[in-house]
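Please see the structure below; I have some questions.
The values are calculated or read from the model by the stated rules, or taken from the named source; none is laboratory data. Treat the numbers as computed from the prediction; the structure is a model and nothing was measured. Here the Cβ positions follow ideal geometry from the backbone for every residue, glycine too, while neighbour counts run over all protein chains shown. Heads up: the accessible areas ignore ligands, DNA and RNA and are worked out on the full protein's heavy atoms, side chains in. Shrake-Rupley method; radii C 1.70, N 1.55, O 1.52, S 1.80 Å.
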Amino acid sequence: MSRPTNALIDLAAIRHNYRTAKALSAGAQVVAVVKANGYGHGAIPVARALDAEADSFAVACTEEAMELREVGIRRPILLLEGVFDPAELVIADHAKLTPVIHSLRQLDWLLQARPARAFDVWLKMDSGMHRIGLAPEDFAAAYAKLERCQHVRQIVLMSHLARADELDSDATEHQLACFRRYTNAIDAPRSLANSAAVLAWPATHYEWVRPGIMLYGATPLNAPHPHSGRLQTTMRLESTLISIRELAAGEAIGYGARYVCKKPTRVGVVAIGYADGYPRHARDGTPVVVKDRPSSIIGRVSMDMLTIDLSAIPDASIGDPVQLWGDQVSANDVASASNTIAYQLFTGISRRVPLCYADCATISTSGICSVRDKQQDLGRPRY
Ligand SMILES: *Cc1c(COP(=O)(O)O)cnc(C)c1O
């Protein structure tokens, strides 16, 4: 018997969420964003699960792209930050990758390259986020150079939204207006929407959308929205109780004695900690589920263990399953109790946690994932 801590990944749910993105952005092509090891879900299994239908994949760098090419993924792969030096264009050429061009430097590298075949490229504008992208005033001239270039084929015009998750902000309208104004005279496909915009800002959908987090079942929106309910949970992080003790009122728990029992308290110890990717900043009261019943964190999360309040679950016993997030505890709720976002929780799952692949619905919530065979290696990047 090995450590009973793992992340169960539901590839069918990821496919469902991809189809939801496709349906919400009717008519648009969909780039499935699988950067950062598929938001912690395993880029290779995720890409394989979507390979039959995704219009394109997107990653952050050529290393991530090559992982997918090496296992036979043939769909277009978008490099969201483009290449980091001119030599990387040789790799991008051989592997048929689609670079973003977000700077005049990258534009020069591309124009001076002598690739074996023509590149498809995405030209990125800074429409207000002020991170990467060409200044709007430089955009038309850059496009004209690409259009004249012999070794450039399709050009997609793109920008990225800074506040699409905030349903009450007018920043998205401003960015959309800027993007529209500086691309209107250009006859080329356009792309602006991340997950939040796919869900809540239909005017941004254009010809290509780029959902990431919604594929992994977490809504990025800061307020309730009817479409959020259409997403299915894709990751269940689980472990078990390894110790139970009764503490008297006044006794403290764990490092720094952050939690002091107000009354006699039944405390459970769970075999998961911050070295597994569970957030150390989780406050007292952060939800967990034990045997289908609600419980919560008490005391500081340690490296390999955390402590929970079992006072309301008198029949809980050692070996019982504990869900840290998944279908019964939303990753967004754990994230907000820990001052972070579901993106960081998913991408922070450490290599010590085996990724198991199964349909969450077919593995009962009262039994820890037992699919602990070789599949777990599939989810780990090799570089
Ligand atoms: C990561 C990323 C996305 C996906 O964002 P989500 O909020 O996860 O949907 C889209 N576009 C770009 C440029 C990105 O870097």
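Let me spell it out: the conditions are (1) hydrophobic (A, V, I, L, M, F, W, C); (2) open to solvent by less than 10 Å² (accessible area, probe 1.4 Å); (3) within 15 Å of the ligand (Cβ to nearest atom), and residue 43 meets all of them except one. Which number is the exception?
It is condition (2) that residue 43 fails.
Among 58, 12, which is in contact (Cβ under 8 Å) with a residue 12 or more places away in the chain, touching a strand residue (DSSP E or B) at 6+ places or on another chain (Cβ under 7 Å) and not in a loop (DSSP other than H, G, I, E, B)?
58
Sticking with this structure for a sec: Looking at 80, 50, which one is closer than 23 Å to residue 11 by Cβ, under 19 Å from the mean Cα position of the chain (by Cα) and open to solvent by 10 Å² or more (accessible area, probe 1.4 Å)?
80
Here's another thing I want to ask about it. Within region 167-187, take every residue that is open to solvent by less than 50 Å² (accessible area, probe 1.4 Å) and in a loop (DSSP other than H, G, I, E, B) and give me the one that is farthest from residue 203 (Cα to Cα).
Result: 186.
Also: Considering only residues of region 188-203 that are in a loop (DSSP other than H, G, I, E, B) and touching a helix residue (DSSP H, G or I) at 6+ places or on another chain (Cβ under 9 Å), which is surrounded by the most Cβ atoms within 10 Å (Cβ to Cβ)?
194
Please tell me if residue 107 is under 26 Å from residue 91 (Cβ atoms), in a helix (DSSP H, G or I), assigned by TED's automatic domain parsing to the domain that holds residue 35 and not acidic (Asp, Glu).
yes
Could you tell me which of the residues 206, 278 is part of a loop (DSSP other than H, G, I, E, B), in the same structural domain as residue 173 (by TED's automatic domain parsing) and under 26 Å from residue 343 (Cβ atoms)?
From the options 206, 278, the qualifying one is 206.
Now for a separate question. Among the numbered conditions (1) more than 23 Å from residue 357 (Cβ to Cβ); (2) part of a strand (DSSP E or B); (3) not acidic (Asp, Glu), tell me where residue 222 comes up short.
The number of the failed condition is (2).
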